[in-house]
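Read-outs: derived from the displayed coordinates by stated rules, not from any lab. Predicted model only: the values in this text are computed from it and were never measured. Cβ placement follows ideal geometry from the backbone for every residue including glycine, while neighbour counts extend to all protein chains displayed.
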Amino acid sequence: SSSEADEMAAALEAELNDFI
Amino acid sequence: TPSSSNIQLAEKVIQRSLMRRPMTTKDILKKFQTKCPGLSKEQTIEVLQQIMKRLKPERKVMNDKMHFYL
């Protein structure tokens, strides 16, 4: 479901913000 | 653990896409899942952040959303 994709995208973005 | 060949393929596909146009994390996630559909949420995020660390994309905000590009 797209909400799961949204949730995962947010989690990934949080990880990426830590180092990019 | 996910097959490394699928992950290498996914990395190439993501790299090519990022060179063509800026993508949001959601775009990147969907692109990855076309090549590695069977991973768990945690694995997907873990592998994708490793790929992004290797690709070291630029980033910019477009339409109020963070985008990555190469």
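For the pair A:D18 and A:A5, the difference between a 0.36 nm per residue extended length and the Cα-Cα distance amounts to 2.7 nm. Other residues whose C-beta falls under 12 angstrom from the C-beta of B:H67 contribute a net charge of +1, scoring Lys and Arg +1 and Asp and Glu -1. Between B:Y69 and B:S5, residue separation times 0.36 nm minus the direct Cα-Cα distance comes to 20.7 nm.
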